[in-house]
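Following: one structure in structure tokens, then a few remarks.
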Amino acid sequence: MATNYLQAGNTVEYTCTGAVTKGDPIGLPAVGAGQKFIGIAEVSGVTGDVITLMTEGVFSITKVAAAGAWVVGDDVYLTSSKTFTETATANGYAGVAWEAATTTATTGKVRINFGGDPR
């Protein structure tokens, strides 16, 4: 193994800037167009707690209702209200739709941090 290997990269430590609930999506460095990647909280925390975020995998998430339908592979973005949408404007890249979701669906499956921000 390489002498400079650190870890697999499927988790990252995060210092809570507010209340976080287990399963919350967290944009890094912050939710929005400047966001580079996201993590999903493994545990809950409060301001100042250091928690672990998962940075790989497929997650069932809250989809913006009545936004648009998703097909497998659609780019998906995280909004400031911790919901996911296919709309890139003012939102941070999150990953790709892992299965189809109707326009009226309130949940969807997303493979996070897959592919990279296409902008």
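So here's what we get for this one:
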| item | result |
| --- | --- |
| GNM flexibility winner over the chain from THR52, THR89, THR106 (Cα, springs under 10 Å) | THR89 |
| Amide hydrogen neighbours beyond the local backbone of THR11, cut-off 5 Å, H modeled | THR55 |
| Counting DSSP beta bridges with both ends in the chain, the antiparallel % (nearest 5) | 95 |
| Only Lys, Arg (+1) and Asp, Glu (-1) charged, at Cβ; the chain dipole about Cα centre in debye | 120 |
| Those trypsin sites (Lys or Arg not before Pro) in the range 1-74 that DSSP places in a loop and that have at most 11 other beta carbons within 10 Å | LYS22 |
| The chain: most fluctuating residue of THR47, THR85, THR104 per GNM, C-alpha cutoff 10 Å | THR47 |
| Taking the range 11-112 and dividing mean pair separation by its residue count, relative contact order in percent (alpha carbons under 8 Å, at least six apart) | 28 |
| Choice from SER81, SER60, SER44 with maximal GNM fluctuation in the chain (Cα, 10 Å cutoff) | SER81 |
| Charge dipole (the range 11-112, unit charges on Cβ, about Cα centre) - positive-most of TYR77, VAL12, THR55 | TYR77 |
| Correct option for Rg and Dmax of the Cα atoms in Å [calculated from the coordinates] among (1) 12.8, 36; (2) 14.4, 50; (3) 13.2, 40 | (2) |
| Full-stretch length increase - ALA2, SER44 - with 0.36 nm per residue and alpha-carbon distance subtracted | 11.7 nm |
| Chymotrypsin sites (Phe, Trp or Tyr not before Pro) restricted to the range 1-92 and DSSP loop, no more than 15 other C-beta within 10 Å | TYR5 |
| 17 Å Cα-Cα reach of LYS63 towards lysines, excluding residues that sit fewer than 8 places from it in its own chain | LYS82, LYS109 |
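No value in this document is a laboratory result; all are computed from the given coordinates. Because the structure is predicted, anything quoted here is derived from the model rather than measured. Please note: Cβ atoms are built from the backbone with ideal geometry, for glycine as well, and neighbour counts cover all protein chains shown.
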